[in-house]
Number of protein chains: 2
Amino acid sequence: MDITKDNSAGIWAKKFYLASRAVVETTLRPYDLGSSQWYVLWHLVHDGPMAQRDLLRLLQVEKPTLSGIVRALVRKGIVDQMPDPEDQRQRILKLTPAGVRLWHNLPDPIALIRKDAFEGVDEEDIATVVRVLQSATARLQALANEGKKT
Amino acid sequence: MDITKDNSAGIWAKKFYLASRAVVETTLRPYDLGSSQWYVLWHLVHDGPMAQRDLLRLLQVEKPTLSGIVRALVRKGIVDQMPDPEDQRQRILKLTPAGVRLWHNLPDPIALIRKDAFEGVDEEDIATVVRVLQSATARLQALANEGKKT
DNA sequence: TTCCTTTAGTTCGGCACCTAACTAATATGG
DNA sequence: CCATATTAGTTAGGTGCCGAACTAAAGGAA
């Protein structure tokens, strides 16, 4: 009874996620940046300064998760976190000059994954992967929400 | 330019992994057990006591990762970790009586995911998901190994 | 205006991962 | 036989994720 047989799609989703995170983090390590830290920079570069709460929705993570990522970026001097004068609860996030300089030297880890993992793979197969995983995720999240309400 | 479009299979693999981990951990939380901790128990139940190094290969994680999981299980009184008399470097892992009792009350989180996420999904689609993710993972790991050697 | 609720963010503690650097013990080659 | 690998496991520190519980500020209702 091989347990991996029972949930092979789940097992491989996990393995792929961990492998791609490893590649991205290896790529970014020389710049002392984690994968989610990079993604925060990406948003700040492409959308300009924004409140932490807006980033929260873009990244789709919980508050303490983003709080930790931001703390690391502030510690490294890459991002400034200042209170919004309009609403003293909110914090505006903005790249520092050092952050802007860093960004210009950074490789694009998303392009790397796309190329090294999926280049040449049948488009329809990829569409199937997306469709199956998307629906499976929705089903699990529905289950989780149901459990919360009950 | 939506970044998610560029690597949608990767994005959904991640989302699915996180969602399934959340469901599993919610299921196991009443028993004060994490997902990987559960998987260690599963192996100890099905294969009997074994050295930590053998578990390492079964779980396919790095040494410090397993070390942390084992430490948590020992702290909770679920697993005993004793030196192998044959080889003083190795540690034999064995369920405690409390661990055995706990196991008998535990739900099966793998069955849960299989049912709630994939039940009714076309077998061929699942096969495609496995095939694509498996090959993508292999490509990334090959890349990682190459980088190590160079 | 005052009280109450909601919202934004942090802190704490926990899980699951990693690399780098370490100890202790066994195995091996000269 | 002894010096030198190699192997097993731990520790330290970092990333990314979570829920629970907290503070502070803003919004609303009586």
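Before we move on, is B:Val23 within 14 Å of another protein chain (Cβ to nearest Cβ) and part of a loop (DSSP other than H, G, I, E, B)?
Answer is no for this residue.
Any idea how many residues of segment A:59-79 are within 12 Å of DNA strand C (Cβ to nearest atom) and either modelled with pLDDT under 95 or open to solvent by 80 Å² or more (accessible area, probe 1.4 Å) (or both)?
Selection size over segment A:59-79: 5.
Determine whether segment B:82-96 contains at least one residue that is under 14 Å from B:Gln37 (Cα atoms), open to solvent by 50 Å² or more (accessible area, probe 1.4 Å) and assigned by TED's automatic domain parsing to the domain that holds B:Gly34.
Yes.
Out of all the residues in segment A:111-150, which are facing another protein chain (nearest Cβ under 8 Å) and polar (S, T, N, Q)?
A:Thr128, A:Gln134, A:Ser135, A:Thr137, A:Gln141
Can you tell me which residue within segment A:34-47, out of those that are more than 11 Å from every other protein chain (Cβ to nearest Cβ) and touching a strand residue (DSSP E or B) at 6+ places or on another chain (Cβ under 8 Å), is nearest to DNA strand D (Cβ to nearest atom)?
Result: A:Val40.
B:Tyr31: aromatic (Phe, Trp, Tyr) and within 14 Å of chain A (Cβ to nearest Cβ), yes or no?
It is false that B:Tyr31 is aromatic (Phe, Trp, Tyr) and within 14 Å of chain A (Cβ to nearest Cβ).
Would you check if A:Thr128 is polar (S, T, N, Q), open to solvent by less than 50 Å² (accessible area, probe 1.4 Å) and more than 23 Å from A:Leu66 (Cβ to Cβ)?
The answer is yes for A:Thr128.
Mind listing whichever residues of segment A:99-114 are of a type in the set (Lys, Arg) and either surrounded by 13 or more Cβ atoms within 10 Å (Cβ to Cβ) or part of a loop (DSSP other than H, G, I, E, B) (or both)?
Answer for segment A:99-114, where residues must be of a type in the set (Lys, Arg) and either surrounded by 13 or more Cβ atoms within 10 Å (Cβ to Cβ) or part of a loop (DSSP other than H, G, I, E, B) (or both): just A:Arg114.
Spot the failing condition for B:Ala19; the list is (1) out of contact with any Leu (no Cβ under 9 Å at 6 or more places or on another chain); (2) buried (at least 17 other Cβ atoms within 10 Å of the Cβ); (3) of a type in the set (A, V, I, L, M), and only one is missed.
(1)
Identify, please: which residue in segment B:28-47 is surrounded by fewer than 15 Cβ atoms within 10 Å (Cβ to Cβ) and without any contact (Cβ under 8 Å) to a residue 24 or more places away in the chain and is, among those, farthest from B:Leu18 (Cα to Cα)?
Filtering first and then ranking leaves B:Asp47.
Looking at A:Arg53, A:Arg91, which is the one that is more than 14 Å from chain B (Cβ to nearest Cβ), of a type outside the set (Val, Ile, Thr), within 11 Å of DNA strand C (Cβ to nearest atom) and part of a strand (DSSP E or B)?
Every option except A:Arg91 fails the conditions.
In segment B:22-33, which residue that is near DNA strand D (Cβ under 9 Å from one of its atoms) and out of contact with any Gly (no Cβ under 9 Å at 6 or more places or on another chain) is nearest to A:Val130 (Cα to Cα)?
Among them, the one singled out is B:Ala22.
The values are calculated or read from the model by the stated rules, or taken from the named source; none is laboratory data. Note that the coordinates shown come from a computational prediction; the quantities given were computed from them, not determined experimentally. For neighbour counting, all protein chains shown are included, and Cβ atoms are generated from backbone atoms with ideal geometry for every residue, glycine included. Please note that ligands, DNA and RNA were not included when accessible areas were found on the heavy atoms of the full protein model with its side chains. Shrake-Rupley method; radii C 1.70, N 1.55, O 1.52, S 1.80 Å.
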